[in-house]
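Structure first, then comments.
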Amino acid sequence: MHASSRSARLRLVLALMCAALVSCRIAGVPDRKRVSVDTVAVRVAFDSLVARIARIDAAATLQSYDTTAGFAHVIGGELKRGRPAFDAWLTGMFPMLDSIDQFVIDSVQYIPVSADAVLMLAAYHEAVDSAGVRPAERGVWSNLFVRRPGGWKVVYGNSTHMALPAR
């Protein structure tokens with residue numbers, strides 16, 4: 001085999017490999033316009049969830065969560081698998097929300113996972129409980145939002161609470 005023939009074949013193989021790598025990279029890049037729209041839609045869905053919680057409306061809050069069998073939420077280290085367990089916990093928790101003076105989202109981040117899934121990460125704190133019914137808390141909250149026919153729904157969530165130090 002001639003050196004020029006081998007060199008030409010090597011260049012062809014390298015060109016094909018580069019083309020394959022570039023096409024894989026392009027296929028892996030999400031459509032930026034769609035991702036930004038999805039992130040905005042999830043932000044609206046999360047803001048709606050927080051507003052429903054602030055109104056102490058358990059029935060409306062539950063509308064933000066998916067109803068599929070795979071739904072799960074971890075709260076305080078305890079797994080609520082399926083909507084019946086989560087619904088019972090959430091409905092039972094809502095009367096305590098009257099004791100929170102203010103629930104504040106300190107920061108939130110939205111991470112597109114796919115065209116139909118966005119991970120939301122938030123840090124929050126509760127303002128001091130002036131009634132003294134329960135200690136104020138801070139925590140982190142994550143939700144995996146998935147696009148469903150009825151809009152963006154939470155299919156998995158995790159809330160970790162920590163008591164604020166006494167002053």
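Quick look at the values:
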read-out: HN-Hα J in Hz across segment 140-154 - Karplus 6.51, -1.76, 1.60, θ = phi - 60°, x for Gly and Pro; value: 10, 9, 10, 9, 9, 8, 10, 6, 10, x, x, x, 7, 10, 7
read-out: R0 of 35 Å, Cβ-Cβ distance residue 107-residue 57: FRET efficiency to nearest 0.05; value: 0.90
read-out: Net lengthening on full extension, residue 117/residue 85 (0.36 nm per residue, minus Cα-Cα); value: 9.1 nm
read-out: Cβ-based exposure ranking for 103, 145, in which fewest neighbours within 10 Å come first; value: 103, 145
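Only the coordinates and a few stated rules stand behind these numbers; no lab work does. This structure is a prediction, so every number in the text was calculated from the model and none was measured. Please note: Cβ atoms are built from the backbone with ideal geometry, for glycine as well, and neighbour counts cover all protein chains shown.
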